[in-house]
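The values are calculated or read from the model by the stated rules, or taken from the named source; none is laboratory data. Bear in mind the structure is a predicted one, so any value in this text is a computation, not a measurement. Note: ideal-geometry Cβ built from the backbone for every residue, glycine included; neighbour counts use all protein chains shown. For accessibility, only protein heavy atoms count, side chains too; no ligands or nucleic acids. Shrake-Rupley method; radii C 1.70, N 1.55, O 1.52, S 1.80 Å.
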Amino acid sequence: MKITSISVQQKNKERYNIFVDEKYNFSVDEEVLARFQLMKGKQITEAEIEEIKQADMVRKGLNKAINFLSHRVRSEKEIRDYLRKQEMEPFAIDTILQKLADMDYINDAEFAELFTKTQIKTTLKGPRTIERELVEKGLTRETISQVILEYSEEAQIENAEKQARKIMRRNNKSAKKTLQQKIITDLIQKGYTTEIAKLSATNVTSELDAADEVEILQKQLEKAIRKNKRYKPSIAKQKTITSLMQKGFSYDTIQSYLTENEISFEEEE
């Protein structure tokens, strides 16, 4: 068999169509064309064509991987998963990853460190969430245990309290007790330890004074009274107190407020 023609592709000037015995046979990257010294008139065998096709697949995958890496650093697993989605053959993926490692495009230890620092500075995630994300990205437990040390307790508390204040702003109609529990639950779900979550909840809610609590109770009481006014007085009172207790106010606090403000549920004469 003989290469009878070589033409540049119209849509990609770095790829070439190879015609063998007057018929289109395959296409290759410019680098592969030069490496295998493909030219018009060259004799070529089926085995050589298969070797060239495999080399071109690697070259094509390498270009895709480098472009994938141009947006941000990636772990080896992320690149492997990406190449699989690009329908690269297993042999090509292994070769591409080795080439990327030789070119210093892949370094999981550096990736893990950079990823962790970025998450600490730009998000309010707790250490456990970051650890879980690193596991999903294919990092080893040993590597993760080293880089997570970057997340100091001081930084954890700072980020946890920022998140706690966001939670507090969204739940500014809740009693202090309920608010604290909500903050603790959310922070634990966010990846913080129970100890850090409790400390942060205590710190941010300490900014609330008795006047704030009374104001919240007053607003919730007015809302509950309006909601339950269709019931007879005894039931309305019971439902109102139950509703306030569900929002975190103690029974004694509610009763004291009702007494001090002379709020009665008795029917008017």
Response to the item:
To the nearest 10 degrees, the tilt of helix 210-228 (Cα long axis) against the first principal axis of the alpha carbons of the chain is 90
Item to complete: Compute the separation of the alpha-carbon centres of the stretch 1-61 and the stretch 103-181 and state it in Å as a whole number.
Response: 49
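Taking the alpha carbon gyration tensor of the chain, what are the square roots of 5 times its eigenvalues, largest first, to the nearest whole Å? Please report the intermediate quantities before stating the final value.
On the way: eigenvalues 974, 100, 31 Å².
Semi-axes (√(5λ), whole Å): 70, 22, 12.
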Item to complete: Pop out the ³J(HN,Hα) list for the stretch 5-17 in order, Karplus 6.51 cos²θ - 1.76 cosθ + 1.60 with θ = phi - 60°, rounded to Hz; leave Gly and Pro as x.
Response: 6, 9, 9, 6, 5, 5, 8, 9, 5, 9, 10, 10, 8
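Roughly to the nearest percent, how much of the accessible area of the stretch 22-147 is carbon and sulfur, given a 1.4 Å probe?
On the way: 3600 of 7590 Å².
Carbon and sulfur together cover 47 percent of it.
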Fill in: Over the stretch 126-174, volume per residue of the alpha carbon convex hull, in Å³
77
Worksheet item: Each residue of the stretch 60-67 in turn: what ³J(HN,Hα) in whole Hz from Karplus with 6.51, -1.76, 1.60 and θ = phi - 60°, glycine and Pro shown as x?
Response: 5, x, 5, 4, 5, 5, 5, 5
Worksheet, complete the sentence: Counting sequence-distant residues (5 or more places) and residues on other chains, those with an amide H built under 5 Å from that of residue 25 are 18, 19, 20
Worksheet entry | Descending principal axes extents, the stretch 66-147, alpha-carbon based, whole Å | 38, 21, 21
Worksheet item: Per-residue HN-Hα couplings for the stretch 242-253, Karplus 6.51 cos²θ - 1.76 cosθ + 1.60 at θ = phi - 60°, whole Hz, x for Gly and Pro?
Response: 4, 4, 5, 5, 5, 8, x, 8, 6, 4, 5, 5
Response to the item:
Spelling it out for residue 15: with amide H atoms placed in the peptide plane at 1.01 Å from N, the residues 5 or more places away or on another chain with amide H under 5 Å from its amide H are 9
Discussion item. Could you report the stretch 10-87's accessible area per residue, 1.4 Å probe, as an integer in Å²?
Written reply: 65
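Test of the criteria: in the stretch 102-208, which GluC sites (Glu not before Pro) are in a DSSP loop and have at most 15 other Cβ atoms within 10 angstrom of their Cβ?
Answer in residue order: 207.
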